[in-house]
Amino acid sequence: MTSQSTAPLRSRLVDQAASDLEENRRRQRELTDQMTMLQQEEALLTDILGLAQRYEGFADPSRLPEQLQDEPVVARAKRTGTAGTSAAGDRAKGGAKGKPRRPLLGDLLLELLGGHDGPRLAKELRDELLEKHPDRNPTPQVVRNTLESLVAKGRIQRHKQQRSVMYTLSQSEAGA
């Protein structure tokens with residue numbers, strides 16, 4: 001082969017390599033954009049999970065998140081820039097429409113677990129809750145989710161016995 005016969009071949013190879021390089025860089029930009037979007041989605045989902053754990057007793061959809069907070073009204077007023085005489089401040093003081101605040105579902109479940117020495121099934125705890133607090137009617141799934149949230153916080157312990165999952169107070173809660 002002469003240098004004249006290899007010139008068109010070399011030119012095609014250079015053109016092909018340049019085209020492939022351009023395509024490679026375009027795909028890298030797309031993947032970088034997708035990665036950024038996935039990281040933003042991850043942050044959003046993490047925030048949602050954090051809120052779900054914070055408001056574990058949020059079984060009644062008519063209740064507002066500020067009714068569940070143990071934050072004093074004065075601190076909330078400073079944060080929002082209001083004087084505490086707003087409707088939200090009034091609800092926080094005495095509950096919505098003059099009703100007293102109901103205890104959080106997690107607190108009720110902790111109280112029920114504290115009344116027993118041995119592990120309890122979620123179903124047993126829900127049945128006992130319905131018996132002792134007829135005004136509360138959480139679904140079995142809400143009870144399980146709340147119990148798992150308490151496990152994640154280290155307030156109760158999960159025990160598996162064959163196919164059953166049972167719960168007891170953690171040592172720190174039992175001593176408190």
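Against the conditions (1) in contact with a Lys or Arg (Cβ under 9 Å, 6 or more places away or on another chain); (2) without any contact (Cβ under 8 Å) to a residue 12 or more places away in the chain, Ser170 satisfies every one except (2). Out of the residues in segment 107-136 that are over 19 Å from Val151 (Cβ atoms) and basic (Lys, Arg), which is least open to solvent (accessible area, probe 1.4 Å)? Here the residue is Arg136. Among the residues of segment 137-174, the ones that are assigned to a helix (DSSP H, G or I) and open to solvent by 70 Å² or more (accessible area, probe 1.4 Å) come to 6 in all.
The values are calculated or read from the model by the stated rules, or taken from the named source; none is laboratory data. Here the structure is a predicted model, which means the values were calculated and not measured. In this analysis, Cβ positions are derived from the backbone assuming ideal geometry, glycine residues included, and neighbour counts consider all displayed protein chains. Just the protein is used for accessible areas: all its heavy atoms, side chains included, with ligands, DNA and RNA removed. Shrake-Rupley method; radii C 1.70, N 1.55, O 1.52, S 1.80 Å.
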